[in-house]
1. Restricting attention to region 495-508, and to residues there that are under 27 Å from the mean Cα position of the chain (by Cα) and surrounded by 15 or more Cβ atoms within 10 Å (Cβ to Cβ), which single residue is modelled with the lowest pLDDT?
2. Got at least one residue in region 27-40 being at pLDDT 50 or above and under 18 Å from residue 528 (Cα atoms)?
3. Given the structure, is residue 320 touching a residue at least 40 places away in the same chain (Cβ under 8 Å), in contact with a helix residue (DSSP H, G or I) (Cβ under 8 Å, 6 or more places away or on another chain), over 18 Å from residue 294 (Cα atoms) and in the same structural domain as residue 291 (by TED's automatic domain parsing)?
4. Of the numbered conditions (1) exposed (fewer than 14 other Cβ atoms within 10 Å of the Cβ); (2) assigned by TED's automatic domain parsing to the domain that holds residue 171, residue 470 fails exactly one; give the number of that condition.
5. Take the residues in region 428-452 that are surrounded by fewer than 20 Cβ atoms within 10 Å (Cβ to Cβ) and part of a strand (DSSP E or B); name whichever of them is farthest from the chain's Cα centre (by Cα).
6. Of all residues in region 378-403, which are out of contact with any helix residue (DSSP H, G or I) (no Cβ under 7 Å at 6 or more places or on another chain) and under 14 Å from residue 218 (Cα atoms)?
7. Against the condition in contact with a helix residue (DSSP H, G or I) (Cβ under 7 Å, 6 or more places away or on another chain), under 30 Å from residue 521 (Cα atoms) and at pLDDT 95 or above, how does residue 184 come out, does it pass?
8. Scan region 455-465 residue by residue and report those that are part of a loop (DSSP other than H, G, I, E, B) and within 24 Å of the chain's Cα centre (by Cα).
């Protein structure tokens with residue numbers, strides 16, 4: 001596709017190190033003059049064309065594709081052309097477009113498009129009616145036509161409180177499609193098809209997994225530090241130092257004959273506060289509890305080294321005999337297993353070794369957290385999780401990435417179950433879709449996950465709400481010669497290169513208003529057929 005713009009470039013001064021003689025006269029001017037000079041150096045972006053210039057471009061495009069023009073015989077088929085317009089004509093045209101229509105390998109015509117826009121209004125009487133739209137279509141095309149309608153509603157995302165927008169990077173929207181339209185802005189019927197568009201960004205404070213997100217962020221901090229050699233430490237969540245918390249844990253183990261497994265059944269008041277989040281398990285072993293304390297309190301490499309030194313010395317001298325999960329794979333877990341036989345390998349806690357050991361502890365613990373919770377939800381087949389269970393084949397950096405994928409998956413599932421109340425069968429299908437996606441594609445919070453759904457399941461969310469976008473189109477013809485005339489009503493302008501007038505104070509947020517404001521966008525299509533001038537060949 002070709003996109004035509006008019007670039008208006010101001011005269012730019014040469015840099016100081018080039019042609020100094022031309023700019024030296026301004027060197028002694030005041031600061032305001034210097035700022036003005038800097039402003040002049042900013043290049044303006046693409047500017048829309050006038051209607052006359054845009055039509056001229058479309059005329060050239062059409063002529064170049066007409067085989068009856070001998071000068072351009074055998075020219076290649078061009079890509080579609082779209083031209084920004086400045087909306088200066090009475091119709092408010094913002095775009096002109098053209099694309100070729102082919103029969104076989106021959107160009108048989110050109111489709112010409114025009115897009116017109118109007119600023120937002122709360123006056124529904126001023127909106128185009130369904131009858132007006134059909135009449136506009138009949139002016140250009142065969143009277144037989146088919147009407148199709150679509151609408152998009154925002155179910156979850158940015159919210160408006162007292163006319164103030166609270167932005168959110170997460171959003172859940174639903175797209176409806178149906179036929180047999182009776183009126184403009186009609187509510188989608190329950191017979192329409194509905195598709196959820198789910199985009200969830202981790203870190204939303206409204207999420208039940210926010211605490212787990214903070215834990216994952218600390219894990220990512222350690223991984224980034226190993227990769228780059230620089231670590232930006234997070235603010236500690238505990239006022240007590242990491243070394244003091246570690247000593248307290250060791251003293252607790254030394255002062256009781258109970259095993260840590262028995263202690264887990266009756267956690268202390270402090271542990272109850274630590275493990276009270278949605279994702280925490282009740283069977284944390286010694287290494288996992290040590291991780292919980294350290295990740296909330298360490299602020300330097302020295303802290304990590306000092307804490308691990310206390311633990312390894314206690315193991316070496318037999319002061320503690322902690323229990324660990326049988327499938328634990330961290331370096332510290334291996335030392336604990338060795339301590340059962342009074343044979344511990346020497347570990348040099350210098351350089352990046354302590355950070356590497358702590359990262360292993362966190363990866364091991366969080367993997368169990370995510371897998372444990374997913375198994376509890378019963379929303380997947382075990383074969384889909386093999387890529388996350390077979391972690392020994394990849395390095396720690398890749399393991400952290402896979403944990404982020406699992407976290408993102410759970411954020412999506414919990415958003416749809418907690419805020420939308422989707423039933424089990426839809427959540428199961430969504431889980432399979434997410435796992436399959438992340439089996440192939442990289443981690444991406446901007447990806448929109450799609451889910452087909454029955455409108456009745458979410459009717460209470462949209463039937464009393466205003467649509468973000470509502471559209472209807474009338475069409476006739478079929479195949480490459482099909483032509484459409486469409487109307488789009490939206491709470492935001494659909495084009496961004498012009499400034500719209502509005503009779504509503506807020507052009508982008510309708511808030512709690514009973515009379516929403518809508519921007520109008522019309523798309524017209526005309527078919528220009530090329531009639532062959534030759535019926536045969538002598």
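The values are calculated or read from the model by the stated rules, or taken from the named source; none is laboratory data. All figures in this text were calculated on a predicted structure; none of them were measured in a lab. Please note: Cβ atoms are built from the backbone with ideal geometry, for glycine as well, and neighbour counts cover all protein chains shown.
1. Among them, the one singled out is 507.
2. no
3. Numbers: touching a residue at least 40 places away in the same chain (Cβ under 8 Å): yes; in contact with a helix residue (DSSP H, G or I) (Cβ under 8 Å, 6 or more places away or on another chain): yes; over 18 Å from residue 294 (Cα atoms): yes; in the same structural domain as residue 291 (by TED's automatic domain parsing): yes.
Taking the combined requirement at face value, the residue satisfies it.
4. Going through the list (1) exposed (fewer than 14 other Cβ atoms within 10 Å of the Cβ); (2) assigned by TED's automatic domain parsing to the domain that holds residue 171, residue 470 breaks only (1).
5. Keep residues of region 428-452 that are surrounded by fewer than 20 Cβ atoms within 10 Å (Cβ to Cβ), which gives 428-429, 432-433, 436-437, 439-450, 452.
Checking the rest, the ones that are also part of a strand (DSSP E or B) come to 449-450, 452.
Working: 449: 9, 450: 13, 452: 19 Å.
Selected residue: 452.
6. Passing the criteria: only 401.
7. Working: in contact with a helix residue (DSSP H, G or I) (Cβ under 7 Å, 6 or more places away or on another chain): yes; under 30 Å from residue 521 (Cα atoms): yes; at pLDDT 95 or above: no.
Here the answer is no, as residue 184 does not meet what is asked.
8. As a first pass, look at region 455-465 and keep what is part of a loop (DSSP other than H, G, I, E, B): 463-465.
Passing the criteria: only 465.
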